[in-house]
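This report refers to the structure that appears directly beneath it.
Every number here is computed from the coordinates shown, using simple stated rules; none is lab data. Because the structure is a prediction, the values reported are computed rather than measured. When we count neighbours, we look across all protein chains shown, and the Cβ atoms used for this are built from the backbone with ideal geometry, even at glycine.
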């Protein structure tokens, strides 16, 4: 990939900057976030800001009792409160600043990342995926305010067991008379956080080891890459269930094990990038200047090898969510009664004919989450590769 | 060429030994004594000691390691705690069932994946292309175990009990209970019927990935000069697509076989568990839960070796098919 760190491309004044500078644009944004964007003809961003703001406002109005009680509640309620306030504030400030920035005009020049952002925002399906992901994380964080019921409360077993969809229980109840929708919402927190944290761990390890292997070469390279070959040859699931079955299954074990087993593919990608980067002039200049190796790796090589890693990480989050759900499905993941999408699908297995909603909805939740991550990953790949940009 | 094959084969040996080492230490350094799980709580220490000696568990780890590697190289995988038979025999019972399932899934996945990907590429940007893209991405994002449950729900349970359809597929096992009393043709139909749902659950997810890849590969070939030349000299569309473009687009697909084998094996773990299919995936899962370490080690080793071999075969095939590859 041919990308220097400080490439600056001069860009003419973009078209929308002029159109967003309509009279009253700033005044309106003080009232409703997203409105100036909508008036400027940019439906996507405008609708997103407006919907976020309206959604937060709706929660604040409809669940004011829970929101008020949150300050004295557990940590998850406090997180939800913080998210609510931040999202309200952020949608406002973002909308205002975006217009202000468009006013100021781009005279400085455009970095490679700006170009990538521009290419990405033109890709409609990828943006849609991004919106779904942001929405999912918001919902997961705000679950204590949104969920209609407590996820672990068992209602009257005689009348409420395995009841289909109704106003009281929008997605029905399970075999313990618990509300499926509430469990689904609480389960989102497990799936989304495990995917994020595990991929974070594996990307960090993989990037560092891959860069070290590619930079030093020789024996270090051989040792690291042969180990990578071995781990990649394992059917990942077999490795995971062996490790997890040996120890006691818990959320922390799963995050650790997933994080520690997924890094080899990242290491391979980074090594390949570093191998070509280290022949480039700016790296050779850094070496000639006598910079320490640590600085060259961390400041010069890794930032320039990151683009394919970001793509792989985004797609990896989707894969990790599926893996975690699979482990939970086998009973090796999150332990009951904590709700998780995988365990919910597994629990519905025994009542497939009588209560189809038990397995169907958590599975659909997995599919749409993973689908969104895949869409964003595809979009990022197209946006970050200059050869694919038109 | 011969030299290239030999070098690749020699390179695979340390890889396989390394994998064996990882498996051994992973399983043997784990906490928990397998003998305690097999015995009833009241037995005396002497019996436990005797049992540990029988299984060779009283020796230190490094001695067990050398012995295990040595035995494995001679084809002796040890003795299963729960099946009370040599592990090699147990594996031989379960292996063919997994192979049947994997082979049929691979066949379906590649056949439909290649066809769909080609259709998409030939009709790029058409409504057909974009709608297929969405559907395929949907399947691509799907956990195979959920797809299996949904297939059971619709094509087995609801088809039979609720909608009363004339055709429905069995949801578990490899054959019906009255299999022995069926005619030869009936036996075949029964087998195939039992194979349909597990195969589909495995294949549809793989198929989506293959089709995505095939579309990209085909698009790359279609843009090349020799295809334009073929069009220019007035060849019919069909000849250009099938004779000139498709053959070249299929080349990179060969590497996918090696890439997808690990996915396939991971898939069989769920699918065999759900469909009560007596194969390797289910065997390993059960062995892990029962701490039947010899079976776990042999099974994991077997799967990992298959992956190494599949990668090797894919690389070699690629070198054979594509004359542009140099065997340096």
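Give the calculated FRET efficiency between residue A:280 and residue B:99 to the nearest 0.05, with a Förster radius of 60 Å applied to their Cβ-Cβ distance.
0.80
How would you order A:282-288, B:228-234 from highest to lowest mean count of nearby Cβ atoms within 10 Å? Working shown, then result.
On the way: A:282-288: 13.4, B:228-234: 11.3.
The most tightly packed comes first, giving A:282-288, B:228-234.
Between A:142, A:237, A:353, which gets the highest mean-square fluctuation from a Gaussian network model of chain A, Cα cutoff 10 Å?
A:353
Among B:238, B:64, B:160, whose mean-square fluctuation peaks in a Gaussian network model of chain B (Cα, cutoff 10 Å)?
The residue with the greatest mean-square fluctuation here is B:238.
Which whole-number percent is the relative contact order of region B:87-321 (Cα, under 8 Å, 6+ apart)?
Value for region B:87-321: 29 percent.
Per DSSP helix of 4 or more residues, -39500 (n - 2.57); summed, then divided by the residues of chain A. What does that give at 222 nm, rounded to the nearest 500?
For chain A, the value works out to -23000 deg cm²/dmol.
Relative to the longest principal Cα axis of chain B, at what angle does helix B:127-140 sit, 0 to 90 degrees, rounded to 10?
10
Can you give me the P(r) profile for chain A? Cα pairs, bins 10 angstrom wide beginning at 0, each as a whole percent.
5, 18, 25, 25, 18, 8, 2, 0
In whole percent, what relative contact order does chain A give with Cα contacts below 8 Å and a gap of six or more residues?
Numbers: 538 pairs, mean separation 70.6, N = 390.
Relative contact order of chain A: 18 percent.
What average number of partner chain Cβ atoms lie no more than 10 Å from the Cβ of the residues making up A:238-251?
5
If a paramagnetic tag sat 7 Å from the Cα of residue B:48 along the Cα-Cβ line, which residues of region B:80-118 would have the backbone N under 20 Å from that point?
Backbone N within reach: B:81-82.
Averaged over its residues, how many other protein chain Cβ atoms are within 10 Å of peptide B:158-168's Cβ atoms? List each step's numbers first, then the result.
Working: counts 3, 0, 1, 1, 2, 0, 0, 0, 0, 0, 0.
The per-residue average across the peptide is 1.
Binned at 5 Å from 0, what are the whole-percent values of the Cα-Cα distance distribution for region A:273-390, short to long?
Calculated over all Cα pairs of region A:273-390, the distribution is 2, 10, 14, 13, 11, 10, 9, 8, 8, 6, 5, 3, 1, 0, 0 percent.
What distance in nm separates the simple spin-label points at residue B:183 and residue A:159, each placed 7 Å from Cα in the Cβ direction?
Each label point lies 7 Å from its Cα, and together they span 5.8 nm.
With a Förster radius of 56 Å, plug the Cβ-Cβ distance of residue A:71 and residue B:162 into 1/(1 + (r/R0)^6) and report the FRET value to the nearest 0.05.
Given R0 = 56 Å and the Cβ-Cβ separation, E is 0.65.
So if R0 is 45 Å, what FRET efficiency would residue A:150 and residue A:128 give, r being the distance between their Cβ atoms, rounded to the nearest 0.05?
Once the sixth-power term is evaluated, E becomes 0.90.
Considering the Cα positions of the protein assembly as shown, please state its Rg to one decimal place and its Dmax as a whole number of Å.
For the protein assembly as shown, the Cα radius of gyration and maximum Cα-Cα distance read 28.3, 92 Å.
Averaged across B:144-153, how many Cβ atoms of other chains sit within 10 Å of each residue's Cβ atom?
6
Bins of 5 Å, beginning at zero and ending with the bin holding the largest distance: percent of Cα pairs per bin for region B:87-321, please.
1, 6, 11, 14, 15, 14, 12, 10, 7, 4, 2, 1, 0, 0
Please compute the Kirkwood hydrodynamic radius over region A:315-373, one decimal place, Å, based on all pairs of different Cα atoms.
Values: mean 1/r = 0.0873 Å⁻¹.
The Cα-based Kirkwood calculation yields 11.5 Å.
Once you've got the GNM for chain A with C-alpha springs shorter than 10 Å, pick whichever of A:211, A:90, A:72 has the biggest mean-square fluctuation.
The residue with the greatest mean-square fluctuation here is A:72.
What is the helix-to-structure angle for B:87-122, meaning the angle in degrees between its Cα long axis and the longest Cα principal axis of chain B, kept from 0 to 90 and rounded to the nearest 10?
With rounding to tens, the tilt is 20 degrees.
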